[in-house]
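**Student:** Below are the structure tokens for one structure; questions will follow.
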Amino acid sequence: MEKNYPKDFLNALEVGRPPNIQKLFPNSKALIVSSKVIDRAMIQKGKAMTMAANARSYIVMRGALRAAQKANAAIIIEIAKSEGGRTAYCATNYWNMAIFANQACNELGITVPIAIHADHYGIKKEKDLEIAKIEIPTMFEAGLTSIAIDASHLPDDENLLANLIINPFIPKWAGLETEVGEIKGSEGLSTPEEALFLIKGLNAHNIFPEWIALNNGTSHGIQESSDNIRVDLTAQIHEKIKPYGVSGAQHGTSGNSTARLKEIAENTRTTKANVATALQMISWGLEVDDAGNAIRDAEGNFKKIKGEGMTEELWQEMVEYANKQGWKGGNYKSLNLPFEAKILSQPIEIRERMEKRVEDFVFNLLNVFNALDTAPVAIDIINKKGGYEMDYKAERLENPDDWTFEKIKEMAKSIGGDKGPQGNFDD
């Protein structure tokens, strides 16, 4: 029986889907949109941010979408380069994520707007720039509607220059995130000067990101400390870049208390909060605290709750596999790829209880984030605009003559700050 869709939803479906989505899924009822729409919906509601759910498995994706539908909230489905790039440790990747999301939305009757985001598209060396020029267009051809260019591993001038070089390969209608300060916990914290340098340089070249991600004290994966996110630093930086219309993207949200997450939504300009590791652990059926941080025993082993998540037999097989590989703690993320097919081949009642755990957790966080009922706000934005392309949130304030490649390199010499330790800080 054909579902009776609301008129405003059908109109948004007709005009609000970007060209790549229309081409890939011409007969779909999935409202896949640019993340520009979702950012603006959070701004319009005020003191609201939505989840960017890292869909390390199809189970996690489905659970997050069900939660968004229940919350009537616009949401972002994403995967990072380390998770879903060419050397991925997850079965979900940049080139199949939109296909999976479209399938799930149509099957589950999801009518909230969703964006498909490539998180942490990392640029660490010059060769990465040449690869990006070829690779990024293929990712949008496969259904992405948003991307985060992460050259934060590089010095400030090279970070800005990398963003400038890559930008012509990103569709103008697509959502854009940039990053300053590599995510590495309490060391190498971002400064207002670093953030201003990046955003001013982009502005001078008519590039207006939706988001900037900072190293504001958090880390990817399992949180070992209760300190975590520096809300005061985040608010300070957001205030400095306010004239440039850039929202905040909060990375490393897993493991932070709901009180701190509420504080971020209420006291900063953050509209996007990434959650990855918590969703993985919850779907598996592991015991977690209120913040989604997996609880471990005295030997450092994760605790599986009997009758929750996957079957006990499959969990034991995963543990034995991890032990053989020498994987512990956060390295359990590498179990996603070799075990995705086995997870999806479990009986439907097992898969549904895995999804339900994710759904309940995501729904609670969307409430904490003040994202409830942002779906109709996003749909209204699309319909009032009459299309998928959104106006910029700011105007060009910087003189491009002051931001040539040569002057960028010279200006960067005056930016100080502790970049923190060297190492691999990918998701």
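**Student:** For residue 44 paired with residue 415, estimate the spin-label separation in nm (one decimal), with each label point 7 Å from Cα along the Cα-to-Cβ line.
**Tutor:** 3.3
**Student:** Among 15, 246, 377, rank each residue by its count of other Cβ atoms within 10 Å, from fewest to most, as a rough exposure measure.
**Tutor:** Listed from fewest to most nearby Cβ atoms, that is 15, 377, 246.
**Student:** Could you give the dipole magnitude of region 1-132 about its Cα centre, charging the beta-carbon of Lys and Arg +1 and that of Asp and Glu -1, in debye to the nearest 20?
**Tutor:** Details: 18 positive and 11 negative charges, 44 e Å.
Dipole of region 1-132, to the nearest 20 debye: 200 debye.
**Student:** FRET efficiency for residue 266 and residue 11, Cβ-Cβ distance as r, R0 = 35 Å, nearest 0.05?
**Tutor:** On the way: r = 33 Å, r/R0 = 0.94.
The calculated FRET efficiency here is 0.60.
**Student:** Which order results if 177, 312, 78 are arranged by neighbouring Cβ count within 10 Å, fewest first? Don't skip to the answer; put the middle values down first.
**Tutor:** Numbers: 177 28, 312 14, 78 31.
Going from least to most buried by this count: 312, 177, 78.
**Student:** Placing +1 on the Cβ of each Lys and Arg and -1 on the Cβ of each Asp and Glu in region 22-386, which of 318, 176, 293 has its Cα farthest towards the positive end of the resulting dipole?
**Tutor:** The residue sitting most towards the positive pole is 176.
**Student:** Follow-up question, since we're still on this one. Under a point spin-label approximation (7 Å from Cα along Cα-to-Cβ), what is the residue 107-residue 364 distance to one decimal in nm?
**Tutor:** Computed distance between label sites residue 107 and residue 364 equals 2.6 nm.
**Student:** Would you mind getting me the FRET efficiency between residue 23 and residue 297? Use the beta-carbon distance for r and R0 = 45 Å, nearest 0.05. Don't skip to the end; give the middle numbers.
**Tutor:** Working: r = 51 Å, r/R0 = 1.13.
Once the sixth-power term is evaluated, E becomes 0.35.
**Student:** Radius of gyration and Dmax for the chain's Cα atoms, expressed in Å?
**Tutor:** 20.5, 65
**Student:** Going through the cross-link list 23/172; 81/356; 133/385; 172/240, which pairs have a Cα-Cα distance over 19 Å in this structure?
**Tutor:** On the way: 23/172 17 Å; 81/356 27 Å; 133/385 31 Å; 172/240 25 Å.
Correct reply: 81/356; 133/385; 172/240.
**Student:** What is the Cα centroid distance between region 336-374 and region 158-177, reported in whole angstrom?
**Tutor:** Measuring centre to centre over Cα atoms gives 32 Å.
**Student:** Name the most mobile residue of 348, 382, 408, meaning the one with the largest mean-square fluctuation, in a Gaussian network model of the chain with Cα contacts below 10 Å.
**Tutor:** Looking only at 348, 382, 408, the largest GNM fluctuation is found for 348.
**Student:** Counting residues in region 314-424 as N, plug N into 2.2 N^0.38 Å and put the Cα Rg over that result. Write out the running numbers ahead of the final one.
**Tutor:** Details: Rg = 24.3 Å, N = 111, 2.2 N^0.38 = 13.2 Å.
Dividing the Cα Rg of region 314-424 by 2.2 N^0.38 Å gives 1.85.
**Student:** When only Cα pairs under 8 Å and 6 or more residues apart are kept, what is the percent relative contact order across the chain?
**Tutor:** Values: 863 pairs, mean separation 103.1, N = 427.
So the answer I get is 24 percent.
**Student:** Can you list the residues, at least 5 places off or on another chain, whose amide H is less than 5 Å from the amide H of residue 50, using H built in the peptide plane?
**Tutor:** 272, 273
**Student:** Loop-only check: which GluC sites (Glu not before Pro) in region 369-404 are DSSP coil with at most 12 other Cβ within 10 angstrom? All intermediate terms of the calculation are to be shown ahead of the outcome.
**Tutor:** Details: sites: 389, 395, 398; in loops: 389, 395, 398.
Answer in residue order: 395.
**Student:** With r defined as the distance between the Cβ atoms of residue 349 and residue 397 and R0 fixed at 56 Å, what FRET efficiency is calculated, to the nearest 0.05? Mind showing how you got there, number by number?
**Tutor:** Values: r = 57 Å, r/R0 = 1.01.
After rounding, the FRET efficiency stands at 0.50.
**Student:** Next question, about the same structure. Provide 50, 374, 234 in ascending order of the number of other Cβ atoms located within 10 Å of each residue's Cβ, fewest first. All intermediate terms of the calculation are to be shown ahead of the outcome.
**Tutor:** On the way: 50 33, 374 28, 234 23.
Lowest count first: 234, 374, 50.
**Student:** Could you work out how much longer the chain between residue 290 and residue 385 gets when fully extended? Use 0.36 nm per residue separation minus the Cα distance between them, nm to one decimal.
**Tutor:** On the way: separation 95, 0.36 × 95 = 34.20 nm, distance 3.98 nm.
So the chain would gain 30.2 nm between residue 290 and residue 385.
**Student:** Another question, then. Taking 0.36 nm per residue of sequence separation and subtracting the Cα-Cα distance, how much length would be gained by fully extending the chain between residue 193 and residue 70, in nm to one decimal?
**Tutor:** Numbers: separation 123, 0.36 × 123 = 44.28 nm, distance 4.09 nm.
So the extension gain works out to 40.2 nm.
**Student:** Could you give the dipole magnitude of region 69-220 about its Cα centre, charging the beta-carbon of Lys and Arg +1 and that of Asp and Glu -1, in debye to the nearest 20? If you can, show how the numbers build up before the last one.
**Tutor:** On the way: 10 positive and 20 negative charges, 75 e Å.
Computed about the Cα centre, the dipole is about 360 debye.
**Student:** Let me ask something additional. With +1 on the Cβ of every Lys and Arg and -1 on the Cβ of every Asp and Glu, and nothing else charged, how large is the dipole of the chain about its Cα centre, in debye rounded to the nearest 20? Walk me through the numbers before you get to the answer.
**Tutor:** Numbers: 49 positive and 59 negative charges, 180 e Å.
Once rounded to the nearest 20, the dipole reads 860 debye.
**Student:** Using a Gaussian network model of the chain with C-alpha springs under 10 Å, which one of 174, 259, 213 is most mobile by mean-square fluctuation?
**Tutor:** For the chain, modelled as a Gaussian network with Cα springs under 10 Å, the answer is 259.
**Student:** Have a look at 127, 333, 262 and tell me which one the Gaussian network model of the chain (Cα, springs below 10 Å) gives the largest fluctuation.
**Tutor:** Greatest mean-square fluctuation among the candidates belongs to 127.
**Student:** Based on DSSP H runs of at least 4 residues, each adding -39500 (n - 2.57), what is the mean residue ellipticity at 222 nm of the chain after dividing by all its residues, to the nearest 500 deg cm²/dmol?
**Tutor:** It comes out at -13500 deg cm²/dmol, rounded to the nearest 500.
**Student:** Given 0.36 nm per residue, what is the gain on full extension from residue 129 to residue 327 after removing their alpha carbon distance, in nm? Before the final figure, lay out each step's value.
**Tutor:** On the way: separation 198, 0.36 × 198 = 71.28 nm, distance 3.15 nm.
Working it through step by step, the gained length comes to 68.1 nm.
Values quoted throughout were computed directly from the atomic coordinates according to the rules given, and no laboratory measurement underlies them. A quick note: this is a predicted structure, and the numbers were derived from the prediction, not measured. Backbone-built Cβ (ideal geometry, glycine too); neighbour counts: all protein chains shown.
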